[in-house]
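What follows is one structure encoded as structure tokens, with my remarks underneath.
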Amino acid sequence: MKLYWSLVLAVPVSLALHRGVRAETIELQVFPVNGPDQDCPERVIAYETLRPYQEGGYTRDGMVNLSAIATRITLSPEAPYSATWVGTLQPQYRNCEGTAGMIKVDKEEHNGPSYIRLQMVKGKVKVILDMTGLRDVNGYTTQIIKSGLRQGNPRWTWGGTD
């Protein structure tokens, strides 16, 4: 009986703790290079979640839903302050020549630098997570802590000092 109540009480506590962590929805608008007749996707969606506070810094986990427009996604060799994933555009988007950048975060206009960018050229798509020029509150460049793939989509963790 004690085990039963432990489980029953643990579920709401874990749900309450999980509710405090909410992903931000990041909209990347696609800008076709040669006009709208190229069958480009209108937008690509990314998500980022701020991890619970730890003294000395902050950390954000993110992903971009690249599998919505591409297949065969791989992570290119890492650079010190950026990560690049490359995929093959799905057939309906193969003729798209364009770029994409962050325009909204949680439906609010995004006016800061677009550290998540896309490039679509010759049937391929690149997602670039770039920390170059992004500073934390102490003036240090933010760092990519981890990059990879999960469930066919680019995933990352980045952070800085507070």
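The values are calculated or read from the model by the stated rules, or taken from the named source; none is laboratory data. Bear in mind the structure is a predicted one, so any value in this text is a computation, not a measurement. Glycine also receives a Cβ, built like all others from the backbone with ideal geometry; neighbour counts cover every protein chain displayed.
Candidates in the stretch 30-48 are the residues that are over 19 Å from residue 114 (Cβ atoms) and either in contact with a Phe, Trp or Tyr (Cβ under 9 Å, 6 or more places away or on another chain) or part of a strand (DSSP E or B) (or both); of these, the one that is modelled with the lowest pLDDT is 38. Which residues, taken from the stretch 42-64, are hydrophobic (A, V, I, L, M, F, W, C) and either buried (at least 18 other Cβ atoms within 10 Å of the Cβ) or more than 16 Å from the chain's Cα centre (by Cα) (or both)? Correct list: 44, 46, 63, 64. Check the stretch 3-22 and report whether any residue there is at pLDDT 95 or above and surrounded by fewer than 14 Cβ atoms within 10 Å (Cβ to Cβ). Taking every residue of the stretch 3-22 in turn, none turns out to be at pLDDT 95 or above and surrounded by fewer than 14 Cβ atoms within 10 Å (Cβ to Cβ). Scanning the stretch 49-64 for residues that are in a strand (DSSP E or B) and not polar (S, T, N, Q) yields 50, 57, 58, 60, 61, 62, 63, 64. Touching a helix residue (DSSP H, G or I) at 6+ places or on another chain (Cβ under 7 Å) and at pLDDT 95 or above: is that true of residue 108 in this structure? No.
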